[in-house]
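To start, the structure under review is shown below, and the notes come after it.
The values are calculated or read from the model by the stated rules, or taken from the named source; none is laboratory data. Bear in mind that the values here come from a model prediction, so they are computed numbers and not experimental data. Cβ sites come from the backbone with ideal geometry, for glycine too, and all protein chains shown count toward neighbours. Quick note on the areas: whole protein, heavy atoms, side chains included, nothing else; ligands and nucleic acids left out. Shrake-Rupley method; radii C 1.70, N 1.55, O 1.52, S 1.80 Å.
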Amino acid sequence: MKVMAFNGSPRKKKWNTVTLLENVLKGAMSAGAETELVQLYDLSFSGCISCFSCKKLSRKEDGVCAVQDDLTPVLDRVKEADALVIGTPVYYGAESASTRAFMERLLFPYNNYAKDLKHLFPKRINTAMIYTMNLPEEMVEAVGLDSMSGFTKMLMEMHFGACELLLSTDTLQFDDYDKYASAMFDKEAKARRHAEVFPEDCKHAFELGIRMASGE
Ligand SMILES: Cc1cc2nc3c(=O)[nH]c(=O)nc-3n(C[C@H](O)[C@H](O)[C@H](O)COP(=O)(O)O)c2cc1C
């Protein structure tokens, strides 16, 4: 059982998205899974270039992206994974740019244009999307983040299998709010939330990791 996680935040250590992913992987490891964390911002890669090699009738294999870059070996390893967990900060109401580029390359080769809608990924696996965001929970619906994340969940389910969503809201953005132009935020409330609610989100991430590793 191998659980692969992908960090779509450029902040690769200690910040919100990667901390939640690390908790997912700890949970998965506690349930006996082998794990891998891929830092998308360590890799040089593009999104889909619309070459349609993956749709050619003469293609030798399903689910292969013809673009050759740092993502190529990662996408090869995805073929062996039993669960996929993608973490991303919300940037302007969507996944971060690297996460979007990664998902285009991950999904499109398995996107079947045939009539019977057969899944091209060889097996059904568990997946999860983790979103971290500055916005408070009560704003999620008002700005459409529930439908944005719901659409991505639907895509993951179409291509791979059941997809859980974990949304971590009202995250801490800076170590020291006094050092940045940030008057619109209540720094005490942010610190309190980080101390009291974020650990709960981490606990949910750990439990999610156990479920990912269950393979059920
Ligand atoms: C370029 C940029 C755009 C952002 N856009 C949004 C946004 O649209 N909605 C939101 O709630 N937070 C937004 N944020 C805040 C981040 O989503 C939030 O701080 C997140 O938890 C950062 O994750 P990290 O700590 O793992 O890097 C944005 C941050 C940046 C840098």
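Of the listed peptides 24-30, 49-55, 178-184, what is their order by residue-averaged count of other C-beta atoms within 10 Å, with the highest listed first?
24-30, 49-55, 178-184
Counting Lys and Arg as +1 and Asp and Glu as -1, what is the net charge of the other residues whose Cβ lies under 11 Å from the Cβ of Ala191?
It works out to a net charge of -1.
Please list 3J(HN,Hα) in residue order for region 59-66, calculated via the Karplus relation 6.51 cos²θ - 1.76 cosθ + 1.60 where θ = phi - 60°; whole Hz, with x for glycine and proline.
4, 7, 9, 7, x, 10, 8, 6
Per residue of the chain, what 222 nm ellipticity follows from adding -39500 (n - 2.57) for every DSSP H run with n ≥ 4, rounded to the nearest 500? Mind dumping the intermediate values first?
Numbers: 6 runs with 76 residues, N = 216.
It comes out at -11000 deg cm²/dmol, rounded to the nearest 500.
If you take the charge dipole of the chain about its Cα centre, with +1 on Lys and Arg Cβ and -1 on Asp and Glu Cβ, which of Pro89, Thr19, Ala162 is farthest toward its positive end?
Positive-most Cα among the choices belongs to Ala162.
Under 5 Å between amide hydrogens, which residues at least 5 positions from Ala128 or on another chain qualify, with H placed 1.01 Å from N in the peptide plane?
Leu84, Val85, Ile86, Glu164
With r as the distance between the Cβ atoms of His119 and Cys51 and R0 = 22 Å, compute the FRET efficiency 1/(1 + (r/R0)^6) and round to 0.05.
With a Förster radius of 22 Å, E is 0.50.
For Tyr177, Tyr92, Tyr41, what's the largest-to-smallest order of accessible area, 1.4 Å probe?
From most accessible down to least: Tyr92, Tyr41, Tyr177.
For the cross-link pairs Lys2/Lys26; Lys79/Lys118; Lys55/Lys118; Lys12/Lys153; Lys14/Lys190, which exceed 21 Å when the distance is taken from alpha carbon to alpha carbon?
From the list (Lys2/Lys26; Lys79/Lys118; Lys55/Lys118; Lys12/Lys153; Lys14/Lys190), the Cα-Cα distance tops 21 Å for Lys12/Lys153.
Would you tell me the accessible area of Leu37, worked out with a 1.4 angstrom probe on the heavy atoms of the protein chains, in Å² to the nearest 10?
60 Å²
Quick one: putting +1 on the C-beta of Lys and Arg, -1 on the C-beta of Asp and Glu, what dipole do you get for region 63-139 around its Cα centre, in Debye to the nearest 20?
Roughly 380 debye for region 63-139.
In what sequence, highest mean first, do 152-159, 129-136 appear when ranked by Cβ atoms within 10 angstrom?
129-136, 152-159
Can you put Cys163, Cys48 in order of accessible area, largest first, using a 1.4 Å probe?
Cys48, Cys163
Step through the residues of region 132-139 one at a time and calculate ³J(HN,Hα) from phi using the Karplus curve (6.51 cos²θ - 1.76 cosθ + 1.60, θ = phi - 60°), rounding each to whole Hz and writing x for Gly and Pro.
Once θ is set to phi - 60°, the couplings for region 132-139 become 10, 7, 6, 4, x, 3, 5, 9 Hz.
Can you tell me the length gained on complete extension of the stretch Val143 to Lys187, counting 0.36 nm per residue apart and subtracting the Cα distance? Walk me through the intermediate numbers first.
Values: separation 44, 0.36 × 44 = 15.84 nm, distance 2.27 nm.
Computed gain between Val143 and Lys187 is 13.6 nm.
Under a 1.4 Å probe, what is the accessible area of region 1-85 per residue, stated in Å²?
Details: 4180 Å² over 85 residues.
Heavy-atom SASA per residue in region 1-85 reads 49 Å².
Take the alpha carbon atoms of region 115-179, find their center, do the same for region 189-208, and report the distance between the two centers in whole angstrom.
Region 115-179 and region 189-208 have Cα centres separated by 17 Å.
Using a 10 angstrom cutoff on alpha carbons, build the Gaussian network for the chain and name the most mobile of Ala205, Ala114, Ala97.
Maximum among the listed residues: Ala114.
Hey, rough spin-label estimate for Leu43 and Val64, points 7 angstrom out along Cα→Cβ, what's it come to in nanometres?
Computed distance between label sites Leu43 and Val64 equals 1.8 nm.
So if I place +1 on the C-beta of Lys and Arg and -1 on the C-beta of Asp and Glu, and nothing else carries charge, what would the dipole magnitude of region 2-214 be about its Cα centre? I want it in debye, nearest 20.
800 debye
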